[in-house]
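See below for the structure under consideration.
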Amino acid sequence: MSSLSIHTKYRMPSGYEIPALGYGVYQTPAAECAEVVGHALKNGYRHVDSAVAYRNEQPSAEGMKSSGISRDELFFTTKIPPKDMTYENSKQHIENTLKVTGFDYVDLYLLHSPYGGKENRIGAWKALVEGVEAGKIRSIGVSNYGVHHLDELEAYIKETDSSQGPQKGGVISINQVELHPWLARKDIVDWCKARGVLLEAYCPIVRATKNDDPLLAPLAKKYGKTPSQILIRWSLQMVNERAKIEVDQY
Ligand SMILES: NC(=O)c1ccc[n+]([C@@H]2O[C@H](COP(=O)([O-])OP(=O)(O)OC[C@H]3O[C@@H](n4cnc5c(N)ncnc54)[C@H](OP(=O)(O)O)[C@@H]3O)[C@@H](O)[C@H]2O)c1
């Protein structure tokens, strides 16, 4: 059995590390967000998954900064909102994220959803690539991208790399999608695995709606774990083994 802990990290195609377990703040009210992020960090998390659309980038960062943990041990993700998938709007969001968080850089900036049509999807991606070139973002990726969106982006990247030079089209480090045993997304997982793009599972515990499932409940009993623990282990073991590196520095 492979060893996994809250300290496990993966190496992304960008070259940077990402803590395997992230603390998501979707639907976390801004007024409570700094406090709950602080609790998550005290309990060993180092990775916070926010988004412009969640309206809690600022308190997420506040909770991270007031934890006393050094910035280089922390990992902050945010996302370009689906309704703002254009080059110009994305540029503005990157600037605004740095302003409201007070961070010098964002660890991972994702396109939240493949909205807006091809031109705008590519435009938003270009803004992320420029953010990396300017040192404002370390790694970039997408979310809710199906295979046809991934193909479209890969074609753009290949064309740009060959006409403008290596990495000018950007490097896809992550695709964040809903992923669990009832939505295993084999086509997307295979696409990403074949290229070394890491998968980030959202709704990994299916919002606790499957706890009494006739396959899951007996497994939880057999292993003496909660259904949520079994599901998180499924996510962790299923896809990204190849990129795992052991880091036990805290
Ligand atoms: N990129 C995207 O489009 C996207 C979409 C959705 C989510 N996400 C990310 O993924 C993260 C996780 O997704 P999610 O929160 O929607 O789904 P989830 O992780 O599957 O479910 C978490 C929810 O399950 C409930 N729950 C019930 N029993 C639980 C238990 N024993 N342990 C833990 N939670 C339990 C809690 O609800 P209560 O709080 O009501 O107790 C908790 O908020 C989000 O915070 C966000 O960062 C991304």
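Remark: the stretch 40-111 carries 41 Å² of accessible area per residue (probe radius 1.4 Å; ligands, DNA and RNA excluded).
Of all beta bridges that DSSP places with both ends in the chain, some 20 percent have antiparallel geometry. For the chain, the fraction of 1.4 Å probe accessible surface lying on carbon and sulfur atoms is 51 percent. The residue among G141, A51, C203 whose Cα reaches farthest toward the positive pole of the charge dipole of the chain, with charges on the beta-carbon of Lys, Arg, Asp and Glu, is C203. Once divided by 2.2 N^0.38 Å, the Cα radius of gyration of the stretch 1-81 becomes 1.09. Under a model in which nothing but the beta-carbon of Lys, Arg (+1) and Asp, Glu (-1) is charged, the chain shows a dipole of about 540 debye around its Cα centre. Extents of the stretch 115-188, largest first, come to 41, 23, 23 Å (Cα atoms, principal axes, whole angstrom). Taking amide hydrogens as placed 1.01 Å from N in the peptide plane, the amide H of I137 sits under 5 Å from those of V106, V132, each at least 5 positions away in sequence or on another chain. Of the residues A51, A208, A20, the one that moves most in a GNM of the chain with alpha-carbon contacts below 10 Å is A208. Contact order for the chain, expressed relative to its length and based on alpha carbon pairs under 8 Å spaced 6+ residues apart, stands at 17 percent. Counting only other residues whose beta carbon sits under 14 Å from that of G38, what net charge do I get with K and R as +1, D and E as -1? Result for the local shell: 0.
Derived value for the chain: Kirkwood hydrodynamic radius 18.7 Å. Basis is the mean of 1/r over every pair of different alpha-carbon atoms.
The values are calculated or read from the model by the stated rules, or taken from the named source; none is laboratory data. What you see is a predicted model; the values in this text were computed from it and never measured. Don't worry about glycine lacking a Cβ; one is built from the backbone with ideal geometry, like all the others, and counts go over all protein chains shown. Protein only, heavy atoms only, side chains kept; ligands, DNA and RNA dropped before computing areas. Shrake-Rupley method; radii C 1.70, N 1.55, O 1.52, S 1.80 Å.
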